[in-house]
Amino acid sequence: MELIEKRRAKGLPVPVPVRPELPSWLVEFWQAFWLINRPRQYAGMSGTPMPLTLEGIKTYTEIYGTTNIDEFVELIFSMDNTYLEHQHKRLEKEQQTPEKRESRIVNGRHNRSDSP
């Protein structure tokens, strides 16, 4: 943080942090989310992420424990919903890039597997 303050004092541009700083109370949940996320299932050729399961959360809480299971489940599922929204937007954007569109065309025709 000193570097940022020094740059501000000199009127120099301040770099935007790559990661947001999490409040200390949220760090535990953030780390839990990524541990529960590790065995996540993916569907289809595009690798669409599937939602986390209660089983994964249960396994985590059996190993690490938690003080308030209802709050923990609600927060993890909320984080997962945000993660899924971000991933679905990313996949949609990737599918619209020219190289992706071209890869769906074979001999001048669209692949049937890409048809709705």
Quiz item: Would you pick out the residues in region 13-49 that are in contact with a Lys or Arg (Cβ under 8 Å, 6 or more places away or on another chain) and surrounded by 11 or more Cβ atoms within 10 Å (Cβ to Cβ)?
Solution: 14, 49
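In region 50-65, which residue that is in contact (Cβ under 8 Å) with a residue 24 or more places away in the chain and either under 12 Å from residue 33 (Cα atoms) or not aromatic (Phe, Trp, Tyr) (or both) is surrounded by the fewest Cβ atoms within 10 Å (Cβ to Cβ)? So that I can check it myself, show each step before the final result.
Initial filter on region 50-65 (in contact (Cβ under 8 Å) with a residue 24 or more places away in the chain): 51-52, 60, 64.
Now restrict to residues that are either under 12 Å from residue 33 (Cα atoms) or not aromatic (Phe, Trp, Tyr) (or both): 51-52, 60.
On the way: 51: 12, 52: 23, 60: 18.
Among those that are in contact (Cβ under 8 Å) with a residue 24 or more places away in the chain and either under 12 Å from residue 33 (Cα atoms) or not aromatic (Phe, Trp, Tyr) (or both), it is 51.
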Self-check item: Pair list, Cβ under 8 Å, 6 or more apart: region 69-80 residue exposed (fewer than 15 other Cβ atoms within 10 Å of the Cβ), other residue assigned to a helix (DSSP H, G or I)
Solution: 69/61
Self-check item: Residues satisfying the stated conditions in region 1-50, i.e. of a type in the set (Ser, Thr, Tyr), more than 15 Å from residue 83 (Cα to Cα) and not in a loop (DSSP other than H, G, I, E, B)
Solution: 24
Quiz item: How do the pairs read when you match residues in region 22-43 that are closer than 11 Å to residue 57 by Cα with residues anywhere that are among the aromatic types (Phe, Trp, Tyr), using Cβ under 9 Å and keeping only pairs 6 or more apart or on different chains?
Solution: 32/60; 32/64; 32/72; 33/83; 35/60; 35/64; 36/60; 37/83
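Values in this text are rule-based calculations from the coordinates and carry no lab data. Nothing here was measured: the structure is a model prediction, and the numbers come from that model. Using ideal geometry, Cβ is built from the backbone for each residue, glycine included, and neighbour counts are taken over all protein chains shown.
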